[in-house]
Amino acid sequence: MNRDASDGIIAIPQSEGLFLIGRRSQKAVFFPLGVSVLLRDAIKADSPEPPLWLREAMDAVGVTSGLPGTWRRSICMRERPEFGFKRVAWEITQRCNFRCVHCYLDNKTKGGLPLEQRLRILDKIERAGCLWLQMTGGEVLADPLFGDTYKAAHERGLQVSISTNGALLTRWMELFRKLPPRRITMSLYGASPDTYAAMTGACGDHFATIITGLDAVISAQIPVRVSIIAATPNVHEVDTMEGMMRERGVEYHTYWNLTPTLAGKRHPTEIAVKNRRAATFFQEKTSCAGGISSLHVHASGRASPCKLLPHISVDLLNEDLSRLSRLCHHPGAKPVGPGCEKCASSANCVTCAPVYALHKKAGHIPRNVCSFRPMADEGGCGGARH
């Protein structure tokens, strides 16, 4: 696939239709799959101008058709993918510049892969059908190869979103203005330097730096979403944080649920705010896409249905892509725990089995994970990382 037209369009056929994505803008338009044939015919034709429908699509994603006869060079047609894993979350590193008290990661020292191996992973997930790529960590913006990895993903036409704690946003704004991500999701831990230090274990006024970075993202008109992480050290500032986001017109969500660490250590849940805006995230979930239409790629290069199932995985660097089909056979439906057979809700249970297992490993199953909850109390659960 020719990747020279950095300002052009990438055409990506999927099972449900054709996506046309502007390389630089990350904007996308969607057509029925049959339009793929029309696009190939238009590229082969000898017309100096693109057909009207294509010109309008190019305008919508911010791509000009250029001089007469040159528009074909701005379009890159990707082959139909071998699989349908449209959404991929890639943990490119586990290293982090913070030591957050609520984080579920046990090991924050493992770095990412060399660039050559990262490019191979990008090729693999592209073939697997990836359209939306979430780059995360650890702290993704602290990774020394983040820039090269991001540009390589952007170049492939992937819809890249960034999950970050925000402390290093200003360092990367020049790149983001040139090659904007589809979205930046930033975690927020407080509304003052002291609270930030209590939540992140980091010295210095990170609060001011993070707000400066957030305002730079807003000024650059890059879509941004803020995840407010609520816990006992910062609960007194939650209302203030929410007000700050409303004042800026920023989309936000407040997370009151915390999980044990991946090793089953309970300490993050011990700072969960009890009896406050009881969250029911997992009860709202109706199906699991993990291993079916989405993947989680660990820092080691292994792909699994989600971050909670690293033991069910495929080595993207050394195994054939066909092995990904085994990931759909994972225990992501209903948990089997004490009392499940007696529970009146068992027929309609939507509890996430890996989350249930993680809390059970920690010896503590909260009410909003399992209503039967033989070991439960009123503590929180869920999935806060940064």
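Every number in this text was worked out from the coordinates using simple rules, so none of it is lab data. Values in this document were obtained by computation on a predicted structure and should not be read as measured data. FYI the Cβ positions are ideal-geometry reconstructions off the backbone, even for glycines, and counts take in every protein chain you see.
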Q. Taking a temperature of 20 °C and a viscosity of 1.002 mPa s, what whole-number D in µm²/s does Stokes-Einstein yield for the stretch 9-77 with Rh from Kirkwood over alpha carbon pairs?
A. 180
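Rounded to the nearest 5, what % of DSSP beta bridges with both residues in the stretch 9-77 are antiparallel?
Around 75 percent of the beta bridges assigned by DSSP in the stretch 9-77 are antiparallel ones.
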Q) In degrees, nearest 10, range 0 to 90: what is the angle between the Cα axis of helix 35-44 and the longest Cα principal axis of the chain? A) 40
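Which percentage, to the nearest 5, of the DSSP beta bridges contained in the chain is antiparallel? Don't skip to the answer; put the middle values down first.
Working: 14 of 45 bridges.
Of those bridges, close to 30 percent are antiparallel.
Beta carbons within 10 angstrom, averaged per residue: use that to sort the peptides 77-85, 351-359, highest first.
Values: 77-85: 16.1, 351-359: 22.1.
So the order, starting with the most tightly packed, is 351-359, 77-85.
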Q. Does anyone have the angle between helix 146-155 and the longest principal axis of the chain? Alpha-carbon axes, 0 to 90°, nearest 10?
A. 50
Q. Considering only Cα-Cα distances, which of the following residue pairs are longer than 26 Å: Lys27/Lys108; Lys27/Lys110; Lys86/Lys342; Lys307/Lys361?
A. Lys27/Lys108; Lys27/Lys110; Lys86/Lys342
